[in-house]
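The values are calculated or read from the model by the stated rules, or taken from the named source; none is laboratory data. Keep in mind that this is a model prediction, so the values were computed, not measured. Ideal geometry is used to build each Cβ from the backbone, glycine not excepted, and the neighbour counts take in all protein chains shown.
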Amino acid sequence: MGIVAVGHDRDWLEVRFEDGTTQRYLGTWLRDNITTGRHRDAGQRTFDINSLPEMTIAGASLHADTVTVTFAPEGLDATFDAAWFCLHRSTSGTGRGVTPRPTLWGDEQQGSLEFADHPTLVCDPARLHDWLTGIRDLGFGLLENLPATPGSILEAVDLFGYVRETNYGRIFEVRDEPEPANLAFTRLEIGMHTDNPYRDPVPGLQILHCLVNESDGGDSRLADGFAVAERIRSDHPEAFQLLTTHPVWFRYLDGGSADLQAYKPLIQLDSRGQVTCVRYNSRSAQAFDMPADVMAGYYRAYRILGDLLHDPGARIEFRLEAGQLMAFDNQRVLHGRTAYTAGARHLQGCYVDKDSLHSRIRVLEAAR
Ligand SMILES: [Fe+2]
């Protein structure tokens, strides 16, 4: 859209567009964003704000669709074109750089479960994009036709990201062991939980790849923690307030080799009040240390959260067969499994940072 007029005072540039609307741009913001202030190749800003003097707008003129702004006391002229002004018409929170709002779900999602075909995703960018945006928006994705061989989980990770290695190794094993260090390494039912709330940051994505499943149970369960959090926000506002403001101490202690700790709320919000992380893991939560006048209310809120996360209406349930894999947002989606009493069951797992998922989606979209 073209520009029909510009005006200014000491601090503000006013631009009138051909649709009759006007937008004001702060002079300091304009100076901070001059096009010549970025490296020609790297595109990165070449100065810091503290290197700039306090400035005013000394002049502004319009030539065709290009505005030249003169900054004092530098005497610097900088040009901005109409497309750039249009791109930044709203500087009050456009959400650029923010991922789309999640699609919340409950057990109705059971009817839409679909495993993507790994060989197809390897060679079809459009199908890969669909699978990755599903993980971004729903918080989980299912994949099949991977080799059921140790380490082939990395072929799925290669689709979009990089393993986040931890003290559990690059890849960890999930199977019953004679002397288990974790309930996951038994045949017991595992309640809904998020992994590793004692890490900071919490692992973003978890991938679990089934190598063997000859068990008589061991079905996988997922629940949308964001959907549960929003339900608590609307139905139990006092509980929501407590769960979002009082941190809980999580700890993993391993025989002198690891003492991982984090002190974070079970439901974490960003500066806009959006839920960004749900932590729930009764195995690693330490004794709560809220003030006495908060403790009773907090336990009521904690019970509400636990009840809703384990409500069958909040979850999906499916069986992973050999060669199948699930990827889920460990900061949002809770996982668990049913018990099994007989038969071999062996999964391999790893963690992947979430930013590489979002990056890969953007790169695929830019290449269209
Ligand atoms: Fe887990």
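Of all the criteria given as (1) outside any strand (DSSP E or B); (2) out of contact with any Lys or Arg (no Cβ under 6 Å at 6 or more places or on another chain); (3) not polar (S, T, N, Q), the one not satisfied by Tyr198 is (2).
Could you grab me the full set of residues in segment 326-340 that are in a strand (DSSP E or B) and either within 19 Å of Thr99 (Cβ to Cβ) or hydroxyl-bearing (Ser, Thr, Tyr) (or both)?
Matches in segment 326-340: Ala327, Phe328, Asp329, Val333.
Against the test of being within 16 Å of the ligand (Cβ to nearest atom), in a strand (DSSP E or B) and in contact with a Leu (Cβ under 7 Å, 6 or more places away or on another chain), the options Cys277, Cys210 yield a single qualifying residue, Cys210. Of all residues in segment 328-359, which are in contact with a Lys or Arg (Cβ under 8 Å, 6 or more places away or on another chain), more than 16 Å from the ligand (Cβ to nearest atom) and within 20 Å of Val275 (Cα to Cα)? Across segment 328-359, the qualifying residues are Asp353, Leu357, His358. Does segment 32-83 hold any residues that are modelled with pLDDT under 95, β-branched (Val, Ile, Thr) and in contact with a Lys or Arg (Cβ under 9 Å, 6 or more places away or on another chain), and which are they? Selection gives Thr46 alone. Test Arg283 against the criterion of being assigned by TED's automatic domain parsing to the domain that holds Asp224, assigned to a loop (DSSP other than H, G, I, E, B) and either at pLDDT below 95 or not acidic (Asp, Glu) (or both), and give yes or no. The answer is yes for Arg283. Residues of segment 232-258 that are outside any helix (DSSP H, G or I) and aromatic (Phe, Trp, Tyr): Trp249, Phe250, Tyr252. Would you mind finding the one in Leu242, Leu266 that is hydrophobic (A, V, I, L, M, F, W, C), crowded, with 22+ Cβ neighbours inside 10 Å, within 22 Å of Lys354 (Cβ to Cβ) and assigned by TED's automatic domain parsing to the domain that holds Gln206? After ruling out the rest, the residue left standing is Leu266. For segment 213-231, enumerate the residues that are more than 15 Å from the chain's Cα centre (by Cα) and part of a helix (DSSP H, G or I). Result: Val228, Ala229, Glu230, Arg231. Residues of segment 341-363 that are touching a strand residue (DSSP E or B) at 6+ places or on another chain (Cβ under 9 Å), in a loop (DSSP other than H, G, I, E, B) and more than 18 Å from Phe172 (Cα to Cα): Gly343 alone. For the criterion of being touching a residue at least 12 places away in the same chain (Cβ under 8 Å), surrounded by 15 or more Cβ atoms within 10 Å (Cβ to Cβ) and of a type in the set (S, T, N, Q), Thr70 passes.
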